[in-house]
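Right, one structure below, let's go through it.
Only the coordinates and a few stated rules stand behind these numbers; no lab work does. Keep in mind that this is a model prediction, so the values were computed, not measured. In this analysis, Cβ positions are derived from the backbone assuming ideal geometry, glycine residues included, and neighbour counts consider all displayed protein chains.
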Amino acid sequence: MFEELIIAGYGGQGIMFCGTLLAHLAMEEGLNVTFFPSYGAEMRGGTANCRVVISREEIGSPMVKNPSSLIIFNKPSLIKFSGQLKEKGLLIINSSLVEEEIVKEGIEVIRVPVTQIAQKLGNDKVANMVALGVYIRQKGIVSLESAIKGLESILLLKDKEEKKNLIEINREALKSGFNY
C-alpha cells in the first residue's frame, strides 16, 4: 500500500489539522507516514495545503507530485491540483464551495457538501472532519472507530477546555462524512 494525498483549501478550513490527524491515525496503525504542510502568504483566508504519504514500506520523500487522492475544499485548489491526480485516483470535492464539474476520465470523483453538512451539525469549522470521514470510508486505511479514538486523543492533548468541548461535534462530523 502506497497512498499519496494532497488536502487543499483556504487557511482556516482545518486543512493542516485534517492532515495531521490522518498522519497520526496511520502511525497508530503501524504505517510509515510523512506530513508536509504548505501555507500561502496569508494564514487565515490564504491558500493552504498539506501532503500526506502513507505506506507499509519506507518513504523516500514527503513531496507529492502526482497524488493518488485529493481532498479539495475550494475552487483555487481544484484548479491548482486536479490536473496532477493519478489515473484511477480519488478526488473528494467540497461541493458547498466548488460548483465546477470535473470531466476527467479514469478518476473517481465524489462531490460532498462538506461545509453544508458541518453547518447542519452546528459549526462549519468541522467541514474538514466531514471530508476526512468520506476519505476514510473510501480508502479504508483506518477504521472509523480508530479515527474517532485518535481525534479524541489529539484534541485532549491540546489541553484547552474549548478543545475538549469540540470532541463531540468533531466525532459527529467524522461519522456524517463516513456515512454520506
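At 0.36 nm per residue, and after removing the present C-alpha to C-alpha distance, how many nm does the segment from V109 to I169 gain when stretched out fully?
Separation in residues times 0.36 nm, less the Cα-Cα distance, equals 19.0 nm.
Can you give me the Cα centroid spacing of region 1-65 and region 111-136 in angstrom?
What the calculation gives is 18 Å, centre to centre.
Rounded to whole Å and sorted largest first, list the principal axis extents of the Cα atoms in the chain.
44, 38, 35
Quick one: dipole size for the chain, taken about the Cα centre, charges +1 on Lys/Arg Cβ and -1 on Asp/Glu Cβ, in debye to the nearest 20.
180
Suppose a student asked you for the relative contact order of the chain, using Cα pairs under 8 Å spaced at least 6 residues apart; what percent would you report?
It comes to 20 percent, rounded to a whole number.
Would you mind telling me the antiparallel percentage of the DSSP bridges in the chain, rounded to 5?
Antiparallel bridges: around 55 percent, rounded to the nearest 5.
Pulled fully out, how much extra length does the chain show between Q116 and S38, if you take 0.36 nm times their separation in residues and subtract their Cα-Cα distance?
Fully extending the segment from Q116 to S38 adds 25.5 nm.
What stretch of the chain, leaving out the sites themselves, is the longest with no GluC sites (Glu not before Pro) in a DSSP loop having at most 10 other Cβ atoms within 10 Å?
106-180
So if we plug the beta-carbon distance of K88 and D124 into 1/(1 + (r/R0)^6) with R0 = 25 Å, what FRET efficiency do we get, rounded to 0.05?
Approximately 0.20, to the nearest 0.05.
So, in nm, how far is label R56 from label T20 when the simple model puts each one 7 Å beyond its Cα toward the Cβ?
For the pair R56/T20, the computed spacing is 3.0 nm.
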